[in-house]
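Here the structure is laid out as structure tokens; the discussion comes afterwards.
The values are calculated or read from the model by the stated rules, or taken from the named source; none is laboratory data. A quick note: this is a predicted structure, and the numbers were derived from the prediction, not measured. Cβ atoms come from the backbone with ideal geometry, glycine included; neighbour counts cover every protein chain shown. The protein model used for the area step is the full one, side chains on, heavy atoms only, and it has no ligands, DNA or RNA in it. Shrake-Rupley method; radii C 1.70, N 1.55, O 1.52, S 1.80 Å.
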Amino acid sequence: MIFNVQNGCSSEYAAVVQTYQQSIYRYCLRLLGNRQDAEDAAQDIFIKAFESIGQYQHTASFSSWLFKIAYRHCLNLLRKRKYQLRLLHRLFKPEVVVESPEQAMDKRLFSPQLATALTLLSPEDRSLLILYIFEERTYSELSEIMGCKPEALKKRLSRMKGKLRRILQDSVFVKIVVAI
């Protein structure tokens, strides 16, 4: 299927999108924390992947290649968001924001303890944890996505477990982290 898309059969790309759309969306939602941003990001990621499909080499799995694009795209969005928030805080006094129905639903879908713990991690660590736990990526896939050695990822995950143990008191989540 990917080979056909690379050879000009762009109509088969719809099947690629359909295959990976949910997992890319879930990844973006967990990393960005907002449904609309996640939908927009997923769409942008599939457009970027289509535009650069000629660069994909079959030495790595397609899903790892696609998640690498997602990883970089979401980190850029988070960096942009952080810069924009700092600028807004300088220009205006923060206003009280009313939660939308979609945001309320997202809060119900994800535990407050998990959401809090994830926001306290750096975007890179948060992404690593989401890919490892929720997307069930292997160390070799994570290595391809994040551009570092599997041994370094294991050490990073170990440090994150310790950090999360200190952050969380919720025994259910601690059990998940310990199982990593």
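Among the residues making up the range 100-124, those that are open to solvent by less than 30 Å² (accessible area, probe 1.4 Å) and either in contact with a Pro (Cβ under 7 Å, 6 or more places away or on another chain) or modelled with pLDDT of 70 or more (or both) are ALA117, LEU118, LEU121. In this structure, is GLN18 part of a helix (DSSP H, G or I) and either open to solvent by 80 Å² or more (accessible area, probe 1.4 Å) or out of contact with any His (no Cβ under 9 Å at 6 or more places or on another chain) (or both)? Answer is yes for this residue. Each residue in the range 21-44 was checked for being more than 15 Å from SER63 (Cβ to Cβ) and in contact with a His (Cβ under 9 Å, 6 or more places away or on another chain), and 2 of them qualify. Being out of contact with any helix residue (DSSP H, G or I) (no Cβ under 9 Å at 6 or more places or on another chain) and under 25 Å from THR138 (Cα atoms) is a description that does not apply to ASN7. Going through (1) touching a residue at least 24 places away in the same chain (Cβ under 8 Å); (2) buried (at least 17 other Cβ atoms within 10 Å of the Cβ); (3) over 17 Å from MET146 (Cβ atoms) one by one, GLY54 falls short only on (2). So, in the range 149-180, of the ones that are at pLDDT below 90 and not in a helix (DSSP H, G or I), which residue ends up nearest to ILE69 (Cα to Cα)? Among those residues, the one meeting the criterion is ILE180. Within the range 61-78, residues that are under 18 Å from GLN22 (Cα atoms) sit with their Cβ atoms under 7 Å from residues that are acidic (Asp, Glu) and assigned to a helix (DSSP H, G or I), at 6+ positions apart or across chains, in these pairs: SER61/GLU141; SER64/GLU141; SER64/GLU144; LYS68/GLU144; HIS73/ASP44. Scanning the range 34-45 for residues being surrounded by fewer than 19 Cβ atoms within 10 Å (Cβ to Cβ) and touching a helix residue (DSSP H, G or I) at 6+ places or on another chain (Cβ under 9 Å) gives a total of 7. Taken over the range 132-148, the criterion of being at pLDDT 85 or above and not polar (S, T, N, Q) is satisfied by ARG137, TYR139, GLU141, LEU142, GLU144, ILE145, MET146, GLY147, CYS148.
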